[in-house]
Structures are given as structure tokens and as C-alpha cells.
Amino acid sequence: MKFIDGGITAPKGFMAGGMHCGIRPNKKKPDLMMLKSEVPCNAAGVYTSNLVKGASIEVCKKHLTDGIAQAVIANSGNANTCNSDGVEKAEKMAEAAASALKIKAQDVLVASTGVIGQPLPIEPIIKASPVLAKKLSKEGGDDAAKALMTTDTVPKNLAVEFMLGDNVVRLGGAAKGSGMIHPNMCTMLCFLTTDVAISTEALESALQESVKNSFNMISVDGDTSTNDTCCIMANGLAKNEPITTDGEDYQTFLKAMKMLCTALCKMMAKDGEGATKLLACRVTGVSSDENARIVAKTIICSSLVKAAMFGADANWGRVLCAIGYSGVPVDIHAVDVAFRSKMGAINVCKDGAGIDFDEDTAKKILLEDEIGIDVTLHDGDFEATAYGCDLTYDYVKINGDYRT
């Protein structure tokens, strides 16, 4: 099981592309992407937990009622959320893509990301769809990933190759996410592709499990977006023995999906708005899986912890503070805390109390761009890891004038 080049178009039968259509004023920034499979796919999706949802989500859910999809069209620069004509325009996006790709509109998934509450200009999308459809290629995954970007600074496009029996199979993904990122789906769009033959039911189960331990364990700023969408399409062109139930092949597929989704979510966390550091908080020795997840996410969401990491300050008291208000019953006198990076590791708290440690060494460890926060509760055998980033001056600058 290994990462390979190609990203979202690495699996057999997928083509993608991206271009500037006119939604965003900057003509140098692509704002429309398209993804197509040669054949209809079994498909599944998960979406934001926010009660306010983008119009594209309603359309995606409707189009996935039969568990089949063949293409995706998505725009950046406008979320198409809280608009009276939002669903109508999202349907028109699907129809435009379907017409250009010569497939059924029902089989097109739709997504939008950007500013909330501004009417989506549909004419540029309709006009550009035939042009973009002709541009789709096996090499177009990066262009598609770039077209999803809003405040992202880098495209996120990865793929994994692995074996199912005697068959080489692939799983690819393109994602965007930088701000308004919080557990239970974030301001993120993620489109996963695979050439594995797998039933819709098994695919949905694997997606739910993978999202639970990856995208739902990220937080950049504590805001849960309105447009989060994570969809997967499986076209079966790898010709493996179809996966329909839990078994060895299903577990291998699930492992690959978790590997890919975790890598993508770490890219999102590291690319958080204004961020300079990726934070990974691993909490072990917990009484249950749910409690482990709650504690890890609470720590990674703490503005004080995030600010301390920005300043390379080994202020472990802020970690204990977050644990204390997490809502999980914890023996605070049995908590250990350590910080780590490629410069080493240092214990800073034992049994809920401070211990002597070298501040200069801690500073060197925390000056790196990837920091681990290790917490042990000594209360069970469960563990969880949450991902986030530091809180910087630039986060406020970016969001202070986001619309302009």
C-alpha cells in the first residue's frame, strides 16, 4: 500500500480538469472543476452537520438516492448558500455538465464553495461547461484541485495504490479546505475516486468510517461550514472480485481509504488560514473511543493551545485546561503531557502537575512546523488523534476582509 502520482485521476477510467469561468474576478485563479468516469459508478456521500446547508448538498443528496453517479461539477468563489434560487442553480449546474458530458443529469454531483449569501452567477458555468468537458484528461487532476481552492495556498491531490487479490487497484482524492474548518465536517470539499468494484452499501460504510477518523477530527478555527461535501465514486474497472460484505478485501479497502483521507486531512490542517504549524494531538489511555475523540478535539480546538503553539511556548497548563472543560470525566491528577517534533520530545506534565524541563529544549521542539501534543489519561485502552494548526495574526487578517 503506497502513495502514487496522479491523485484523483490515478484510478482507471477517471478524467478531470479545471478552468477560470468568471465567478471569481481574478482570471488567473481557476474557479470551475469537472470530474468524469468512463462508466457510471457506485457512489456515496457525507455532508456538513450545520443546519444551514449549501444548495448543492440538497442536489447531491437527491442525485445519490439511487447510489449512482458518473461526474462532478464544482465551483469556487461562491458557496450558493442562503439564496432563494440556490437549488435551481445547483440543478442547472448538473444539467450543464450532463449536457456537455452526454450523461444523465441525475448522475452528476454538484458542489460549491466560497462566500455565503451572494447569488451564484450561473451563466458563466453554463457557458464554460462544454469548454471544460473537452479539456478533461488523465493529467487534469491538479487543475481540478486548484479550481476548488479558496483561501487554500496549495492544491490537495493524492492517490494510493494497493492490491486486492491479484488485482492492482487505486484510490484517489482531491480536496480543498483551509478555513471554517471544524470537526463533524469542515469547510471542505473532497472527491474520492476508485477503480475498485464495491457495492454502494459497502462503499458508504467505508466512507462513514474513514471520515469519522479523519475529516471529522480536524479543526482550524472551530467554525463548522455550510457546504462540506465528501463524495466517493467507484467504477469497478479494476475488475477485482466485487466487495459486498465485510471481509479481508473490505478491510484492505478501508485501510487504504483511511490512509488517503488522513493524509488529505493533515494537508488541510497544515494549510489552515494563516497557519505556520500542523498540530497533531494524540490522546491515549482513555475509557472509550468517544471520550478519546472528544478530549483530542477539545485540545486541538483550544484557541489558547493554538496560540501557545504559534509562539513556541510550552504552556502545558492550557492543555490541561482544555481537558478539564471537555466534558469527559477525567482524573486530572493522572494526566501526562509531552510535546514532540522532529527535534525530539519533552515531557512537561506528570500526574497532572508540572515537572522540571528545559525551556530552551522545549522551544526548539516547538519551533518546528509539525508539532505533536501527546496526552495520556491512564484510564483505559482507547485512543484518538485530532489534527489542527496554530492560531496566528494572519488568520484574523484573512477573515477580517474575506469578502473583499
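No lab work stands behind these numbers, since they all come straight from the coordinates. On a predicted model such as this, the values are computed, not experimentally measured, just so you know. Here Cβ is always computed from backbone atoms with ideal geometry, including for glycine, and neighbour counts include all displayed protein chains.
For this structure, a couple of remarks:
- For the chain, built as a Gaussian network whose Cα springs stay under 10 Å, the top-fluctuating residue of G22, G327, G274: G327
- For segment 107-131 versus segment 28-66, the inter-centroid distance based on Cα atoms is 12 Å.
- Cross-link table K89/K397; K62/K135; K28/K306, entries beyond 30 Å C-alpha to C-alpha: K89/K397; K28/K306
- Zone residues, segment 1-34, relative to K255, backbone N less than 15 Å from point 7 Å out along Cα-to-Cβ: 1-3
- Amide H partners (placed H, <5 Å) of D228, local residues excluded: T48, M188
- For q = 0.14, 0.22 Å⁻¹, Debye-computed log10 I/I(0) when each Cα of segment 1-93 counts as one equal scatterer: -0.65, -1.26
- E359/D381 FRET efficiency (R0 35 Å; Cβ-Cβ; nearest 0.05): 0.55
- Gained length - H333 relative to E123, 0.36 nm times residue gap less alpha-carbon distance: 69.4 nm
- Residues of segment 284-298 with amide N under 12 Å of the 7 Å Cα→Cβ point at A345: 284
- Across segment 104-113, computed HN-Hα scalar couplings (Karplus, 6.51 cos²θ - 1.76 cosθ + 1.60, θ = phi - 60°) run 7, 4, 4, 9, 9, 8, 10, 8, 9, 8 Hz from first to last residue, x flagging Gly and Pro.
- Here, segment 78-218 has an Rg and a Dmax of 16.6, 52 Å when only alpha carbons are counted.
- Residue by residue, segment 21-34 carries 3J(HN,Hα) couplings of 10, x, 6, 8, x, 7, 5, 7, 9, x, 9, 9, 10, 9 Hz when phi is fed to the Karplus relation 6.51 cos²θ - 1.76 cosθ + 1.60 (θ = phi - 60°); x denotes Gly or Pro.
- Note on segment 44-159: the C-alpha convex hull projects to 7.6 nm² when averaged across all orientations.
- The stretch between K61 and D313, if pulled fully straight at 0.36 nm per residue, gains 86.2 nm over its current Cα-Cα span.
- When only alpha carbons of segment 278-400 are considered, Rg and Dmax amount to 13.8, 43 Å.
- Rounded tilt (10° steps) of 289-301 against the dominant C-alpha axis of the chain: 90
- Applying the criteria of a DSSP loop state and at most 12 other Cβ atoms within 10 Å to the chymotrypsin sites (Phe, Trp or Tyr not before Pro) of segment 316-404 yields Y325.
- Acute angle (nearest 10 degrees) that the helix 248-270 long axis makes with the longest principal axis of the chain, alpha-carbon atoms: 70
- For the chain, the longest principal axis of the C-alpha atoms and the axis of helix 86-101 are separated by about 60°.
- Using θ = phi - 60° in the Karplus curve 6.51 cos²θ - 1.76 cosθ + 1.60, the 3J(HN,Hα) couplings for segment 149-156 round to 5, 10, 8, 4, 9, 9, x, 10 Hz; x is entered for Gly and Pro.
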